[in-house]
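K.L.:
Pasting a structure below so you can have a look.
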Amino acid sequence: MSRTHPIAPKMDALLSRERLIYTITVPLSTSIILANLIIILGITWNRQLHNTPNFFFLSLLVADMCTGVALPFIPLMGLNRELRFSSCLVAHVFPNFLFLAFLFNLVMVHYERYICIADPLHYNTLWMHRSFPLALLAVWVPPLLYACLPAFGWNNWKGPDWNGCCANSQKLVPLSNCSANATTCCSYRRVFPKAFIYLEVYGLVLPAILTIAGMTGRVLWITRGQLRDICRLHRSVERGTQASDQEQRLNLRYTRCVVAVSLTFLACWVPYLIYQHICVAFLISETTWSSTTQIVLSCTSIGSMSVVPVVLGLANRQYTEPARELLQKVRDRWSRRKHGSDDVAL
């Protein structure tokens, strides 16, 4: 009677988790990449959009597209795999760098638009407009330096607790022999120390998200005040006491804007914040949780966060005008061919 090798069930479980990750992330990644490409081409083809604010947005779109490319690899960091030391560092450092660069670019775009609304008199004298290359370096170099800290030695790779990483333990999923083919057990716990994770979550990610939310709320508040001033001036000119149809349309448009911003924040940021705090809670307690639940939460939360630039880009008709014109030409050509074939049939 043949006996099943003890490693086989563990490898099957690892492969099933990888398949689940690819099943969820590949469609999301493809959609994010294609949407960003459409918006990038729309800005590139329209010379009227070649200015500093749109260049910042182009940088954000490039970072978001790179995040879409790395999206399938980010949830893989939660799995224990057999990789060489250099391969394990690249598999963890590079996706983390792209994610942080995306976040820094997003903060820069929101800050630039916030100053445009909150302080329009000093908008053209911003340091970002006077030295665009320096601003571009500010959103790409710091994420790269911070993400590379584990490669510079801030890691747990030689920690005494990892001697039995591939052996049976309660904390980590066991893998096959670590010494085979000079591979070792690659885990995010070995690459990222707890202090590194805490500093990234509570020193970079959470403050960036709160800053974006604060600037967005402040812009909505300023817009509300400007809308009230417009309605007050309109009533003084019209010498009426009741709201006119134009005022009602303005109020309705503002309400739609608030609802759209609120729904976007709830759908894109709240899942990621919940996932981050759950991960930190399990990291502090040093306990494991359902791998399927972790994979689903990580894929959906990171994917929903990556949709934010796509929503901002699709909301601007100037960015999507070339794509709409191309689609209209295809429709017209298709309709002409269809009518021509009908005439030939008659």
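K.L.:
Step through the residues of the range 11-19 one at a time and calculate ³J(HN,Hα) from phi using the Karplus curve (6.51 cos²θ - 1.76 cosθ + 1.60, θ = phi - 60°), rounding each to whole Hz and writing x for Gly and Pro.
P.N.:
Once θ is set to phi - 60°, the couplings for the range 11-19 become 5, 5, 5, 5, 5, 5, 5, 5, 5 Hz.
K.L.:
Sort 52-60, 135-143 by the packing proxy (mean of other Cβ within 10 Å over each peptide's residues), most packed first.
P.N.:
Ranking, from highest mean packing down: 52-60, 135-143.
K.L.:
Then there is this: Could you sort the peptides 264-274, 292-302 by per-residue average Cβ neighbour count (10 Å cutoff), highest mean leading?
P.N.:
Working: 264-274: 15.7, 292-302: 18.5.
The most tightly packed comes first, giving 292-302, 264-274.
K.L.:
Using amide H atoms built in the peptide plane, which far-off residues or other-chain residues are under 5 Å from GLU82 H to H?
P.N.:
Amide H to amide H, under 5 Å and 5 or more residues apart or across chains, GLU82 pairs with CYS186.
K.L.:
Assuming 0.36 nm per residue, please report the length gained on full extension of the stretch VAL90 to LEU121 beyond their Cα-Cα distance. If you can, show how the numbers build up before the last one.
P.N.:
Working: separation 31, 0.36 × 31 = 11.16 nm, distance 4.51 nm.
Roughly 6.7 nm would be gained on extension.
K.L.:
To continue, here is another question. Put a dot 7 Å past each Cα toward the Cβ at THR52 and SER131; how far apart are the dots in nm?
P.N.:
1.2 nm
K.L.:
What's the center-to-center distance, using Cα atoms, between the range 113-138 and the range 250-269 in Å?
P.N.:
Centre-to-centre distance over Cα atoms comes out at 26 Å.
K.L.:
While we're looking at this one, here's another question. So, in nm, how far is label SER291 from label LEU145 when the simple model puts each one 7 Å beyond its Cα toward the Cβ?
P.N.:
Result for the modelled spin labels: 3.8 nm.
K.L.:
Separate question: Report ARG189's accessible area, 1.4 Å probe, all protein chains in place, as a number in Å² to the nearest 10.
P.N.:
40 Å²
K.L.:
How much accessible surface area, in Å² rounded to 10, belongs to the heavy atoms of HIS234 with a 1.4 Å probe?
P.N.:
Roughly 50 Å² of HIS234 is accessible to a 1.4 Å probe.
K.L.:
Residues of the range 99-117 with amide nitrogen under 11 Å from the 7 Å Cα-to-Cβ point of ALA138?
P.N.:
Under 11 Å, as judged by backbone N against the label point of ALA138, lie 108-109, 111-112 of the range 99-117.
K.L.:
TRP45 to GLU18: extension gain in nm, 0.36 nm per residue of separation minus the Cα-Cα distance?
P.N.:
5.8 nm
The values are calculated or read from the model by the stated rules, or taken from the named source; none is laboratory data. Everything numeric in this text was worked out from a predicted model, so none of it was measured. Cβ sites come from the backbone with ideal geometry, for glycine too, and all protein chains shown count toward neighbours. All accessible areas refer to the heavy atoms of the entire protein, side chains included, with ligands and DNA or RNA removed. Shrake-Rupley method; radii C 1.70, N 1.55, O 1.52, S 1.80 Å.
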